[in-house]
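Notes follow the structure.
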Amino acid sequence: MKQLIYFILSIVISIPTMAQKKNLTFEHLVPGGKQYTRLSPQFKAPKLLNFYGNDYIYLLNDTVYKVFPNKNFEKKVWFTTESLNQIVKKYGIPQLKQIPSFSIQNTAKGLVVRISYKNYIFDFSPDNKKISNLYTFNHEDENTDYNPQKECYAFTQGNGLYLLTQNGKRICIAKDSDKNISYGSNYIYRNEFGQKKGTFWSPQGNALAFYRMDESNVAEYPIVNISTNIIAQSHPIKYPMVGQKSHTTSIGIYRPETNKTIYLKTGAPEERYLTNLTWSPDEKEIYLQELNRQQDTCQLIAYSSETGERLRILFTETHAKYTEPEFPLTFIPGKSDQFLLLSRRDGYRHIYLYNTSGKLIRQLTQGSWEVTSIYIPDNKKNTVYIGSTESSPLETNFYAVNITNGKRTPLTTEHGVHKIIADTSGRYIIDQYSNHNTPLIQQFIDTKSGKKHKIFSAEDPYKNYNYPQIETGTIKANDDSTNLYFRMVKPLNFDPNHKYPVIVYVYGGPHAQMIKNSWKWDVRGFDIYMAQKGYIVFTLDNRGSANRGLEFENITHRQLGKIESEDQITGIEFLKKQPFVDTDRIGVHGWSFGGFMTTYLLTHYPQIFKTGVAGGPVIDWSFYEIMYGERYMGTPQNNPEGYKNSNLNNFSKNLKGRLLLIHGDEDPVVVWQNSLSFLKSCIKNRTYPDYFVYPGHVHNVIGPDRVHLHEIIARYFDDHLK
């Protein structure tokens, strides 16, 4: 009897413990969900970590703290929302509800906190509780670019480029009555080739280089906004489709002292890409990595910043498929005649040391791995800090590289994906990393002594929730030599004797990597949710994806979809060998390039895939933009067979499974014409996809509507795969 009572009590006691584990919803797992930020490892972590001299600062809740490493990491309150409000009130700046995002800037007057709030940008000195350099912008002003030496801003408004001085004077640098011509735009070359901005102050602040973009020859593409008035309004965009005319660019040099502008004499042909603009340290020269329209030839060319004359071609780099410059030059501090260049000329992205006459001094790094970032601390004249995949294609670690002999010294040692910030001396760094077992660690590292001080370590945010098992591994591609990484999320309470449906989540395109050794193997919230519902979710990084070298990436050249789908089918063959996989219930889902891949797989392997959901899919690459499209596919004129074979409208007749296409009706990246053309083709061929449109959304569905999107996708698989 006592044993029976004990058994019953043990069950009663254990029930509340078991019940504490809850299931996750899309509100927890998807950006825009009500609980999403609370389950992020960053939720309780210090924000805006940065150095302030040799000390470091961070924001936590409504307080900014300053930490003194040389005083045993003593911490003090630096400023709060309340104390900042007391100061901004004196300057006529509206009260803040919370501390906005800020940066640390080194100005002529010393280090300051640069704060951007509403239409104000100002410098704040917490130690003396003063505001300086207060700039007021209009709501239409964009793309602000600060000149710390001259204490002024370049900015754009409409298609014009302007200067805002410290005393509030606005000076027009360049403007055109033709709306097809713009100056200083951040959207040069649709942000390909590493282009993120359109203005570049010289090192001493004496001149501003800027892009002039002429879109006169680019066709307008109609985008319709249905939410404005009773009658929908058209907001056409310039969209240069492959094989058609592109926008042209030139580089202006404006000098505030004379209020005059000259243009670099880049010459013909007009249709080429003037990328990765770099000033020389003495401001006398500007370097451009010039890429031809075919993207198979790149020249590094020096121009005079004073006359605009072309001075010399330092070197020419060619490739039978394509070459893709993505990084500006990095000059060596104290050596104005030497710079570092990132190139994949040996098959992997590595660092090359050149002089300004174009002579290669040495290759600094080499091996079957990629350099992902490069940074030289201000006071480290013979050392460059690099991020690389040397430890694993799934990881990013950082190293100090000696520029003289190429010797690498690890700065970060733990497995995982790291990001670092260095102080100006280069001795101290703040490292933030995660790996599959570690949600987030922030640490201060003394690179000289190797000592580490932990700033923050996140707890597992899912510890009170049911969470599925995640496995990773490799399989061989059909060439029998290339390793392909995969991730498999198994259902809750996984039973190896049970048969489960499978959803393949795919992206598959360049510049993306789905499997990384970051928190939970970089798994998506959608995968976790579907695993809770009894699905296996499988992801494979096929050939064509990122961080595996040039040959791994460019094997898909001029035949997008072919090699990628072969690798995905190799993944399916691996799954079919698993006794717990129901081979009659295999689905696939992806967005953008992944939407293309989803539709490709449904129409080329209809005997395998029962259900698919394709979001924002490219259907016909002739509807895609020039810079990306022509790099990987050439043009419809010089690669007609490649475009024919990758045009999914030509295969819509093969559709047998259930396919849901989803598109934002204002998508400026993969234009709506893609999925609509597929519908038209399916009607002609009497095949029957399903369709869902998100009004007012662009290429990605964002905000609270993203939860709705994932609910739609989950329901579709429940209805047609489960």
Checklist entry - Can you list the residues of region 605-645 with backbone N under 17 Å from a point 7 Å past the Cα of residue 271, pointing along Cα to Cβ? => result 622-640
Checklist entry - At a Förster distance of 56 Å, what's the computed FRET efficiency of residue 54 paired with residue 650, Cβ-Cβ distance as r, to 0.05? => result 0.35
Checklist entry - Can you give the extra length, in nm with one decimal, that the chain gains between residue 62 and residue 413 once fully stretched, where that is 0.36 nm per residue apart less the Cα-Cα distance? => result 123.1 nm
Item to check | Around residue 96: net Lys/Arg minus Asp/Glu count, Cβ-Cβ under 14 Å | outcome: +2
Checklist entry - Setting aside same-chain residues fewer than 8 positions from residue 680, which lysines have a Cα under 19 Å from its Cα? => result 644, 653, 656
Checklist entry - Which of the aspartates and glutamates could a cross-linker span from residue 381 if the Cα-Cα distance has to be under 15 Å and same-chain partners fewer than 8 positions apart are dropped? => result 337, 423
Item to check | Estimated inter-spin distance, residue 250 and residue 98, nm [label 7 Å along Cα→Cβ] | outcome: 4.7
Checklist entry - For the pair residue 705 and residue 237, how long in nm is the line joining their label points, each one 7 Å along Cα→Cβ? => result 1.4
Checklist entry - What aspartates and glutamates could a cross-link reach from residue 97, if we take a straight Cα to Cα line under 17 Å and drop same-chain neighbours fewer than 8 places away? => result 62, 82
Checklist entry - Which FRET efficiency value, to the nearest 0.05, is calculated for residue 638 and residue 366 with the Förster distance at 25 angstrom and r the Cβ-Cβ distance? => result 0.15
Checklist entry - Between residue 72 and residue 309, what is the spin-label point distance in nm, taking each point 7 Å from the Cα along the Cα→C-beta axis? => result 6.6
Checklist entry - Assuming R0 = 45 Å, what is the FRET efficiency of residue 424 and residue 533, from their Cβ-Cβ distance, to the nearest 0.05? => result 0.30
Checklist entry - Semi-axes, largest first, in whole Å: what does sqrt of 5 times each Cα gyration tensor eigenvalue give for the chain? => result 42, 35, 27
Checklist entry - Using the Cα gyration tensor of region 155-328, with a ≥ b ≥ c the square roots of its eigenvalues, what is the shape: rounded (a/c below 1.5), prolate (a/b larger than b/c) or oblate (neither)? => result oblate
Checklist entry - Placing +1 at every Lys and Arg Cβ and -1 at every Asp and Glu Cβ, with all other atoms neutral, what dipole size does the chain have around its Cα centre, in debye to the nearest 20? => result 1520
Checklist outcome for this item: Around residue 39 (Cβ within 12 Å, Cβ-to-Cβ, excluding residue 39; K/R +1, D/E -1) the net charge comes to +3
Checklist entry - Under DSSP H, which helices of the chain have Cα atoms covering 24 Å or more of the helix axis and a Kyte-Doolittle average no less than -1.0? => result 2-19
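Computed from the coordinates by the stated procedures, all read-outs in this text should not be read as laboratory data. All of these numbers come straight from a predicted model, not from anything done at the bench. Here Cβ is always computed from backbone atoms with ideal geometry, including for glycine, and neighbour counts include all displayed protein chains.
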